[in-house]
1. When you scan region 164-177, how many residues do you find that are in contact with a strand residue (DSSP E or B) (Cβ under 9 Å, 6 or more places away or on another chain) and either of a type in the set (Phe, Trp, Tyr) or crowded, with 22+ Cβ neighbours inside 10 Å (or both)?
2. Checking residue 135 against (1) assigned to a loop (DSSP other than H, G, I, E, B); (2) touching a Lys or Arg at 6+ places or on another chain (Cβ under 9 Å): exactly one of these is not met. Which one?
3. Given (1) crowded, with 21+ Cβ neighbours inside 10 Å; (2) within 19 Å of the chain's Cα centre (by Cα), identify the lone condition not met by residue 97.
4. Of the residues that sit in region 230-252 and are surrounded by 17 or more Cβ atoms within 10 Å (Cβ to Cβ) and at pLDDT below 80, which one is nearest to residue 131 (Cα to Cα)?
5. Residue check: is residue 154 at pLDDT 95 or above and more than 21 Å from residue 16 (Cβ to Cβ)?
6. Within region 30-72, how many residues turn out to be of a type in the set (Asp, Glu) and modelled with pLDDT under 95?
7. Of all residues in region 14-29 being among the aliphatic types (A, V, I, L, M) and buried (at least 16 other Cβ atoms within 10 Å of the Cβ), which is farthest from residue 245 (Cα to Cα)?
8. Taking region 109-128 only, how many residues are of a type in the set (Lys, Arg) and either in contact with a His (Cβ under 6 Å, 6 or more places away or on another chain) or touching a residue at least 12 places away in the same chain (Cβ under 8 Å) (or both)?
Amino acid sequence: MAQKEQLGSDGLVARDSGAWAKEKLYYLERYLDIVSVGMKKKWALYYVDLFAGPGKCRIRGSNEEFDGSPLIALKFNFTKYVFVESDEECYQALKARVKARAPEKDVEILAGDCNDVIDRVKVPSAGLGLAFVDPTGLSPLIFDTIRKLAQNRKVDLVINFHEGMGIRMNLGQYTKSAASALDRFMGSSRWKERYKQSLKSFDQACSEIAKEYLGNLQSLGYLAFDSDRVPVRTDKNTLLYYLLFASKHPRGNDL
C-alpha cells in the first residue's frame, strides 16, 4: 500500500519504494518484451497484475520516480489487461494514469482484494497470459487465488516469493501457529514437515520451503524449477525475495 504523503510529480499517490524495486521491474519489463514479440503472432496475449498499485513508484527519501508494473505493461501490445488494486487511493490514481497513458487499450481495473475478486478476472479463453503477482508480503496472497487464476488457462506466472523479509524473519513464529500467513501463502501446512527434517540448517529449511512452493505450483500443471529464481537484494546484499517464474509450457521456461 502506498503511503498517503508520497506523491508523484503528477500530484497522484505513488508507491513508496526502495531502490531494489527498479531491479525487480527491470526483469519484468524484459520478459514482457520477450513474450510480446515472440508470441504475438501465435496467441491473443493478455496481462494480469494482482497487486497493481498506483502505477508510479517513488524512491523513498528522494524525488526519483518510475513507472510501476501496470504502466510498464502498457508499453507492450497485449490484447487485454486486468489490473487489481485493493487500496482506494491507489485504485483512483491508477485509473487516472491508465487513462492518460493508454486510453485506447482494453484495460479493466478491478477494485478490491485479489483474493476476493479473482473470480471476476475475465480474459480471452483461448489466449496466452502473463500474470505478475507482487504482494507486499506473505499475508496479502493465498495460494487458492493462484489456483483459481491458473484453472483452465494458459497463463505464465511471475511471483514475488518473499523468502527474505517474509519467511526468514518470521519463520519461528510461523512454526508455532496452527494456521499462519505462510500456510495460506503456501496452500498447505506440509512445509512444516520439510522444516522439521532440515532443522540443522536454517538456510536448508528455507530452501525446502521454496521447493514445497514450487511443488505446489507443479500440482497446478506448471513447470516450475528451482533454477528459475531471480534473487532481489538490498544495497547491503540482504536477500529480500525471489522472483519465481512458472509456465505450463516448456517453451515458456526456454524464453
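The values are calculated or read from the model by the stated rules, or taken from the named source; none is laboratory data. Owing to the predicted nature of the structure, the values given are computational and were not obtained by experimental measurement. Cβ atoms come from the backbone with ideal geometry, glycine included; neighbour counts cover every protein chain shown.
1. Number satisfying all stated conditions: 2.
2. Among (1) assigned to a loop (DSSP other than H, G, I, E, B); (2) touching a Lys or Arg at 6+ places or on another chain (Cβ under 9 Å), residue 135 violates only (2).
3. Exception for residue 97: condition (2).
4. 252
5. So residue 154 fails the test.
6. The total comes to 3.
7. This residue is 14.
8. 1
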